[in-house]
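Enquirer: One structure, as C-alpha cells, below. Some questions next.
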Amino acid sequence: MKPLNLTLSIIAGLLGGFAEQYVFPSTPVYAQAELATPKTIEAGTFRLVNPKGHLAGSMTINANGDGVITMFDANGKAIFTSEEKAIVKPAALSK
C-alpha cells in the first residue's frame with residue numbers, strides 16, 4: 001500500500017468517527033434505580049413445591065402459635081413433621 005493511500009485512509013477514518021457523533025447524536029442512558037430488598041418476609045404459610053407443582057414441604061403455624069415444618073413424599077404423604085408427635089420416616093431407596 002502506498003504511503004499516501006495509508007495516510008488518506010487514516011484521515012478518512014478519523015473524520016468519519018468524529019462526524020458520526022453529529023450525524024447520529026445519541027441520548028444518554030441511565031440505569032434504573034435499584035429496588036430495596038426487604039429485610040423480613042412475613043407470611044402465615046410457606047409452601048415448597050416441586051417442578052410439577054406437587055407439594056413437597058410446608059412451614060406453617062399451628063393453633064398454639066408454634067412453627068411447624070412438614071415434608072411430603074412424591075405421593076403427598078407426610079414423611080416428616082415437627083409437631084408434638086414427630087413423624088420421621090427414612091427415605092425409600094430407589095433402585
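Enquirer: Put +1 on the Cβ of every Lys and Arg and -1 on every Asp and Glu Cβ in the chain; which of 32, 54, 65 then has its Cα farthest towards the positive end of the dipole?
Expert: Comparing the listed Cα positions along the dipole, 54 ranks first.
Enquirer: OK, next. So what is the orientation-averaged projected area of the chain, using the convex hull of its C-alpha atoms, in nm²?
Expert: Seen from a random direction, the Cα hull of the chain projects 17.4 nm² on average.
Enquirer: Would you mind calculating the gained length between residue 35 and residue 64 on full extension (0.36 nm times residue separation, minus the Cα-Cα distance), in nm to one decimal?
Expert: Working it through step by step, the gained length comes to 6.8 nm.
Enquirer: Can you compute the charge dipole magnitude of the range 46-88 about its Cα centre, using +1 on each Lys and Arg Cβ and -1 on each Asp and Glu Cβ, nothing else charged? Give it in debye, rounded to the nearest 20.
Expert: 220
Enquirer: Expressed as a rounded percentage, what relative contact order does the chain have, with Cα pairs under 8 Å and six or more residues apart?
Expert: Over the chain, the number comes to 12 percent.
Enquirer: Moving on. Check residue 56: other-chain or 5+ apart residues with amide H under 5 Å from its amide H, H built from backbone geometry?
Expert: Amide H neighbours of residue 56: 48, 49, 50.
Enquirer: In addition: What size of dipole, in debye to the nearest 20, comes out for the chain about its Cα centre when the only charges are +1 on Lys and Arg C-beta atoms and -1 on Asp and Glu C-beta atoms?
Expert: Rounded to the nearest 20 debye, it is 460 debye.
Enquirer: When the helix-only estimate is applied to the chain (DSSP H runs of n ≥ 4, each -39,500 (n - 2.57), divided by the residue count), what is the mean residue ellipticity at 222 nm, nearest 500 deg cm²/dmol?
Expert: Mean residue ellipticity at 222 nm (helix-derived): -7500 deg cm²/dmol.
Enquirer: A further question on this structure: What three numbers, in Å, describe the spread of the alpha carbons of the range 46-88 along their principal axes, ordered from the longest?
Expert: 32, 20, 10
Every number in this text was worked out from the coordinates using simple rules, so none of it is lab data. Predicted model only: the values in this text are computed from it and were never measured. All Cβ positions, even for glycine, are placed from backbone atoms using ideal geometry, and neighbour counts span all protein chains on display.
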